[in-house]
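Each remark here refers to the structure printed beneath this line.
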Amino acid sequence: MAKRFFNNERRRRVLNFLRAHPGIGKFIESQPWLYALANKGLISGAVNSTIARPQAYTLWTGVPIDPNPTDFTPTTKLAYSQQQQILKLPYGETLAASPPDPPIGYITWAGLVDRRYTGRHLPPAPRSYLDRLPPLEKVLDLYKRRYVDGQEQSIPSASCSALLAFFAQWFTDSFLRKDQKDERLNTSNHEIDLCEIYGLDAETARLLRTLQGGKLKTSADGRFPARLYDENGEVNAEFKDLIYVKPYLNGQSLEEITLGSLVDHPDKDLIRSRMRGLYATGLERGNSTILYTAISTIFIREHNRLCDLLAAAHPDWGDDRLFHTARNINIVMLLHLTINEYINQLAQPPIKLKLDRPWAEKEHWYRANRIAIEFNLLYRWHSFVPDLIEIDGRRLDPIDFRFNNALLEQYGAADVIAAAARQPGGQVGMHNNPYYLWHAEYAAHAFARSQRVRPFIEYQVAFDWAPAKDFKDLTGDEELARELHDLYNGEIRDVEFLVGLFAQKRTPPAVLPPVLNTMVAVDAFSQILTNPLLAENVYGPDAFGDEGMKIIEETRSFDQLMMRNLLGEAPPPNLASLSYPPPPRTAAH
């Protein structure tokens, strides 16, 4: 890639100057034409940090897809007993794994056009690089928390709430979807499309609809999604054709695979009770935590509210038009909220970014979306996730807040969301992972190695950053630099992609280290701004109705969305904020 004058380093200096002089940023935001110019420059500059899609290389190997594999690829699915085994393995030992298909280091037509195969930003690394890497069990130590005076030390985020961590999981589960049968593949639509509540295909959407007034199925009072299982623990007849409850692999459905950690629990009464409370949602992971379900619940309520508004304004519209128009509005509201709140909170820019459509179609990077393996891997923000959630003085550990919709119904969606906003998430980085996510870290690194992801410094160059000169230059921390030096035998060139992403020095107020922040921006902005609903010949009353256009324009925060969908729940005392500490409700505009 040709070196540009306004590269990441120069842009960083400009942003730091604006942070040091906040009055300039306020002035820019007050001038519409200047604000639009600055917004375009910041967003397009970030996306231009690397080459535009299409990605030349993918996970395509030429080995045919096996629709009925005999077992799981260990990097994709680990049984609970294996997860525990990982934490006990002596150095030098690894779990048995079938050798992966060798990644292809050349460009193929099939790889370019078949989007079931996950893309990649850089071609596969040579085998010699993998041969130099340390045992995965030693790498895992980088994520374990340090002990001070015999106490495990977690590092809280200085600016991000736990709600941000759960929102990130909910948000990314919709498009970062590795195929459980074949890790070369994905099951993604490659779009931000609210498949959390609408599903990945038309048949799933139809099964989740009432087919009356455009609405989605809910409980009788409209407050929560409809139940997936009956009192006997059997899938309700109306949902038996949902793709994720059908046999998928070794006789198990995707829903059963997702429920694996719950099913392993020794208390069978607990399992049966939790199963009866699960909801029918768009994805198999729709019940994974009470926060995940609470966020989906708010968007389902909003969909049905939109249907009522549209039906009142257009009594001649039928069920289909009401459903699809409400869905369009809901998706575009999510796109706005993703930039307005989520990306602004992560990036902490001195000028607040916003979704501004028309200019993007004229940019050279305006290309069809495709999820890349690096984008999938870099979102393993396990250190972000809190150990506990506290609601109404009750401290909930993971077994309490996972697959437990009875708890959600006890407190209500708004209270659960507001409670998560009242506590900090973790600081993204090394030595800060909750114990129950160590196995997930192992699986992520094993997947990266199986697909020969290249070393970190090559991604620094590919995303327009100067490569680290040494371990201290990378980390800015003497102790971590020594750890990495010993682990990688003094070779900075060998530091793995994921290790480098999270070990890199982070400069406040940034939430993410520089290369991680840049890579998130590249894929997030190019994915959002190429959404078909934002296209010039689509965006308008035909897609959203005049009412929808007004609602999209007026909705600027997730808190607004929540507050107009309380359905009898009391307003919580604080905003549903991704920042920490959250503003009190009296500060709401």
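Miscellaneous remarks
- Count of region 342-365 residues which are touching a Pro at 6+ places or on another chain (Cβ under 7 Å) and over 26 Å from PHE167 (Cβ atoms): 0
- Residue match in region 370-388 (condition: more than 21 Å from LEU140 (Cα to Cα), free of Cβ contacts under 8 Å to residues at least 40 places away in the same chain and either crowded, with 18+ Cβ neighbours inside 10 Å or of a type outside the set (Gly, Ala, Ser) (or both)): yes
- Summed over region 161-174, residues that are under 8 Å from the mean Cα position of the chain (by Cα) and of a type outside the set (Ser, Thr, Tyr) total 6.
- For region 466-479, a residue qualifies if it is assigned to a helix (DSSP H, G or I) and surrounded by fewer than 20 Cβ atoms within 10 Å (Cβ to Cβ), and the qualifying residues are LYS472, ASP473, GLU478, GLU479.
Results for (1) farther than 25 Å from VAL416 by Cβ; (2) buried (at least 18 other Cβ atoms within 10 Å of the Cβ), shown as yes or no for each residue.
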| residue | (1), (2) |
| --- | --- |
| ARG206 | yes, no |
| LYS215 | no, yes |
| ASP221 | no, no |
| PHE224 | no, yes |
| LEU228 | no, yes |
| GLU231 | no, no |
| PHE239 | no, yes |
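- The residues of region 173-204 that are outside any loop (DSSP other than H, G, I, E, B) and either acidic (Asp, Glu) or free of Cβ contacts under 8 Å to residues at least 24 places away in the same chain (or both), listed by number, are GLU196, ALA202, GLU203.
- When restricted to residues that are surrounded by fewer than 22 Cβ atoms within 10 Å (Cβ to Cβ), in a helix (DSSP H, G or I) and in contact (Cβ under 8 Å) with a residue 40 or more places away in the chain, region 305-323 contains 8.
- Scanning region 236-284 for residues that are β-branched (Val, Ile, Thr) and under 17 Å from ALA205 (Cα atoms) yields ILE243, VAL245, THR281.
- Which listed residue, of ILE51, ILE24, ILE43, is of a type outside the set (S, T, N, Q) and buried (at least 18 other Cβ atoms within 10 Å of the Cβ): ILE43
- Taking the listed residues VAL511, VAL522, VAL499, the one that is assigned to a helix (DSSP H, G or I) and under 23 Å from GLN345 (Cβ atoms) is VAL522, with no other qualifying.
- Which numbered condition ASP131 fails, given (1) more than 24 Å from the chain's Cα centre (by Cα); (2) more than 30 Å from GLY425 (Cα to Cα); (3) surrounded by 17 or more Cβ atoms within 10 Å (Cβ to Cβ); (4) not aromatic (Phe, Trp, Tyr): (3)
- Among the residues listed as TRP109, TRP60, the single one being farther than 28 Å from GLU361 by Cα, of a type in the set (A, V, I, L, M, F, W, C) and modelled with pLDDT of 90 or more: TRP60
- If you filter region 134-174 down to residues that are of a type in the set (Ser, Thr, Tyr) and under 22 Å from PRO581 (Cβ atoms), you find that the one that is surrounded by the fewest Cβ atoms within 10 Å (Cβ to Cβ) is SER154.
- Tallying residues that are touching a helix residue (DSSP H, G or I) at 6+ places or on another chain (Cβ under 8 Å) and of a type outside the set (Ser, Thr, Tyr) within region 108-140 yields 13.
- Of the listed requirements (1) surrounded by fewer than 21 Cβ atoms within 10 Å (Cβ to Cβ); (2) in contact with a Lys or Arg (Cβ under 6 Å, 6 or more places away or on another chain); (3) under 30 Å from PRO54 (Cα atoms), THR210 misses just one: (3).
The values are calculated or read from the model by the stated rules, or taken from the named source; none is laboratory data. Predicted model only: the values in this text are computed from it and were never measured. Note: ideal-geometry Cβ built from the backbone for every residue, glycine included; neighbour counts use all protein chains shown.
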